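Notes to accompany the following structure.
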Amino acid sequence: MSSVRVLGSIILIVALLLLNGCKSDISEGSNESNQLSTMNREILTLENVEMKKKEKALEDYTQIGEVFVQKVSQHNSSIWEAKKTLNALKRECEASILTPSERVAIENVDKTTTQMIGNGESMLGQEDKVRALLIDFNRKFENQTNQQIIITLDDGGFDLINQTIRIKETISTIEQSLSFESNLRGLLLNTTIACQGIKKSRGKIGQKISIDYLSYTVLEVESFTKMGTAMFSKLTNGKFIKVNVEILNNAKETKEIFSPRFRLIDGLGREYDRLNDDYLYITDTISFGNQLQPGLPIKGSVVFEVPKDSSDLMLTIKGDALSLSQVVVVLNEIQDIGVENSLKEHQDKIMDQAMEDGRRVTEKIMGQCNPPFECSSSCSEYGSVGQKDCSSSEVCCLGI
């Protein structure tokens, strides 16, 4: 009996142990099921978050694409405007009315603008390719949902986020170019306006310009360091500038020049009056009080003395004493002749002419039979000096 009780106790204990084990397995299975459910929910949540990120990336890509297309269109217009403004600058800024320094400045603006246009056109080639891809993208996925587009792009390995970043960087580059091009167009426009003002107030060598009732044409400009003759000359440590001018009186009555009309200005803003003794050293000076007959042009020169370093020279021409009119002529073609010899050549010509006249007079005298000689049919021995101007039957004899 005791054995039976012991066995029953053992069986009861085993049964209890088995029952507890089953309960534990059931509990663990339930926990695993709960964990799987949580993981599934988390996976779905992650997938939703990822999908939303991709949808946001797609939205950003689409929006930035529209902005990009607009910027490329603006860039095209900017390049076209730059070309148009540069052409206007070239038309207005004629080299013949500009000083050398101004020409260099204009050439630098021209060079910079041309380079900018070249760079811009190179960028446009690349921008147009991207724009074509964006347009093709919109056309390809026009009737698809965002989810369908994203699945297609994922399958093709298309990274929306990186593509959007690249396009944003390109837009930033375009905006920088647009800002630079805008500033440069402003510079071109201001320079063109300045050149238009210059054209109205400046003349050039060979151009007839009018001030009040007189017209002036600068014919040529020379530079030298000595003028006059060997006996009577003038030297300078700088340089002389001789301006040869033609003046026409357009009035209906005789006019005179009784006021200073000419002044020289260099690139540093220094002003120089004509030499008051230039008439002593050149032959074609314009004299104070010169009469100008209606319709009859006269030519003459004025001389200035300037430092060696003077450049960008301009001649200012004023009206008479009561006039406020003034024009500027750019002297951009100056010939360096070293020495101005017009007076020496003039005096040499006078001397040559005098010698020639003397020779002819001497020959004439020597060819005449003048006292104490006389024409005779016969002469004493050694008394004949030839026929001279005697008749064919006579000779010139020393008279007794």
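Taking 14 Å as the cut-off, the amide N atoms of the stretch 78-103 that come nearer than this to a point 7 Å along the Cα-to-beta-carbon line of GLU121 belong to 79-84, 86-87.
Modelled spin labels at ASN237 and ASP159, positioned 7 Å past Cα toward Cβ, are 7.5 nm from each other. Each label point was placed 7 Å from the Cα along the Cα-to-Cβ direction; for SER172 and ILE298 their separation is 7.4 nm.
In a fully extended conformation the segment linking ASN87 and LYS252 would gain 55.1 nm over its present Cα-Cα distance, using 0.36 nm per residue.
If you keep only loop residues by DSSP, which GluC sites (Glu not before Pro) in the stretch 247-328 have at most 10 other Cβ atoms within 10 Å of their Cβ? The qualifying sites are GLU253.
Would you mind giving the three semi-axes, in whole Å and largest first, of the ellipsoid equivalent to the stretch 205-345 according to its Cα gyration tensor?
25, 18, 13
Residues whose amide H comes within less than 5 Å of that of GLU220, counting only those at least five positions distant or on another chain, are ASN244 (H built at 1.01 Å from N in the peptide plane).
Note on ASN76 and LEU322: with the Förster distance fixed at 60 Å, the Cβ-Cβ geometry gives a FRET efficiency of about 0.60.
Between the beta carbons of MET355 and SER201, assuming R0 = 35 Å, the FRET efficiency works out to 0.10 to the nearest 0.05.
Dipole magnitude for the stretch 205-345: computed about the Cα centre from +1 point charges on Lys and Arg Cβ and -1 point charges on Asp and Glu Cβ, it is near 120 debye.
Annotation: amide H-H contacts under 5 Å for CYS375 (H modelled 1.01 Å from N, sequence separation of 5 or more, or interchain): CYS397. Near LEU264, once Lys and Arg are set to +1 and Asp and Glu to -1 for all other residues with Cβ below 10 Å from its Cβ, the sum equals -1.
Tell me, what does the Kirkwood hydrodynamic radius of the stretch 330-376 come to in angstroms if you use every pair of distinct C-alpha atoms?
14.7 Å
Checked against a 29 Å cut-off, the cross-linked pairs LYS239/LYS349; LYS252/LYS349; LYS255/LYS344; LYS234/LYS349; LYS90/LYS308 give Cα-Cα distances beyond that limit for LYS252/LYS349; LYS255/LYS344; LYS90/LYS308. Measuring r between the beta carbons of LEU187 and ASP273 and using R0 = 35 Å, the FRET efficiency lands at 0.45. A DSSP coil position with no more than 15 other Cβ atoms inside 10 Å describes the following trypsin sites (Lys or Arg not before Pro) in the stretch 248-307: LYS252, ARG270. Taken about its Cα centre, the stretch 286-400 carries a charge dipole of roughly 260 debye when the Cβ of each Lys and Arg holds +1 and the Cβ of each Asp and Glu holds -1.
Within straight-line reach of LYS56, meaning a Cα separation under 28 Å, sit the following lysines at least 8 residues removed in sequence or on another chain: LYS71, LYS129, LYS140, LYS168.
Read-outs throughout are calculated quantities, based only on the coordinates presented, and are distinct from any laboratory measurement. Computed from a predicted model, the values in this text were never measured in an experiment. Don't worry about glycine lacking a Cβ; one is built from the backbone with ideal geometry, like all the others, and counts go over all protein chains shown.
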